[in-house]
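Trainee: Have a look at this one.
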Amino acid sequence: MIPGLEIKRKIVHLATLIIPFGYGLSSERVVLSFLIPFFLVYLSVDLLRRVNPGLALLFRKHFLGRVLREEEERHLMGSTYFLFSSILTILFFPKPIAITSLLILILSDTAAALVGKAFGRIPIFGKTLEGAGAFFFTSLLIVWIYPGLDRFSGSIAAFMSTVIELLPIPVDDNLTIPLVAGLIMFFGSG
C-alpha cells in the first residue's frame, strides 16, 4: 500500500513536468527567465526556514512542509536541488537531451517510488529492486520514445541514472540524475 503522504509528494513531483514541457514549447531564454528568479526566491525561503524557527513553522503548516522528508527538515529540500539541476541541465545540454534528462528524473523517480512502495519486496540499499526496475524501465521508455536521441547512449544514461537513484550517494539525486543522464547522452551521441 502506498502511503497518502508519498502520493502527495509524487503529485508535487509530477507538477514539475511544467518545466520540460514548457521548455519543449518555448525557448531556453523564456524558460530560464522564469526559472532562475523563481529558484533564487525558492532557495532564499529554503535557507531562511532553516535558520528562522518562525518561518520554519509557517512553512511547515502552510506550504510544502507537510510533504517534506525527515532529512529535508535539516537540509535543503529536494525541490531546491531539482530547480537548480533544471537550470543547469537547460544551460548545459541541447534541448532534446535536457528535456529527456528532466523527464527521466520526474517520471522515473515517481515510478520507482510508487512501484517500490506498493510492490517492493527485495530491499537493496534502503530502496527496493522492484522500484529500481520501474525506474530503469521508465527511463528506457523515455529515451526510446523521445525523438532525435541516440538510443545507445540513452540506454546507458537510463542504466546509470538507475544506479545513481539506487545507491546511497550523499548528494541529492534530484541534482545528480539529470546531470549524469545529460552528460552520458551528450558525450555518447557522437
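Trainee: What does the net charge come to around Pro94 if you take all other residues with beta carbon closer than 14 Å to its beta carbon, with K and R at +1 and D and E at -1?
Mentor: So the environment of Pro94 carries a net charge of -1.
Trainee: Helix-derived [θ] at 222 nm for the chain: sum -39500 (n - 2.57) over DSSP H runs of at least 4, divide by residue count, nearest 500?
Mentor: -24000 deg cm²/dmol
Trainee: Report the calculated FRET efficiency for Lys95 and Leu167 (r = Cβ-Cβ distance, R0 = 35 Å), to the nearest 0.05.
Mentor: After rounding, the FRET efficiency stands at 0.75.
Trainee: Right, here's the next one. Pull out the extension gain between Val41 and His75, defined as 0.36 nm times the separation in residues minus the alpha carbon to alpha carbon distance; nm, one decimal.
Mentor: 10.6 nm
Trainee: Related question: So what are the ³J(HN,Hα) numbers for segment 154-171, from phi and the Karplus equation (6.51, -1.76, 1.60; θ = phi - 60°), rounded to whole Hz, Gly and Pro as x?
Mentor: Couplings: x, 5, 5, 4, 4, 5, 5, 5, 5, 4, 5, 5, 7, 6, x, 6, x, 8 Hz.
Trainee: Could you give the length gained by full extension between Leu48 and Phe125, i.e. 0.36 nm per residue of separation minus their alpha carbon distance, to one decimal place?
Mentor: Going from the current span to full extension adds 24.5 nm.
A short reminder: the numbers here are calculations on the coordinates, not readings from a lab. What you see is a predicted model; the values in this text were computed from it and never measured. For neighbour counting, all protein chains shown are included, and Cβ atoms are generated from backbone atoms with ideal geometry for every residue, glycine included.
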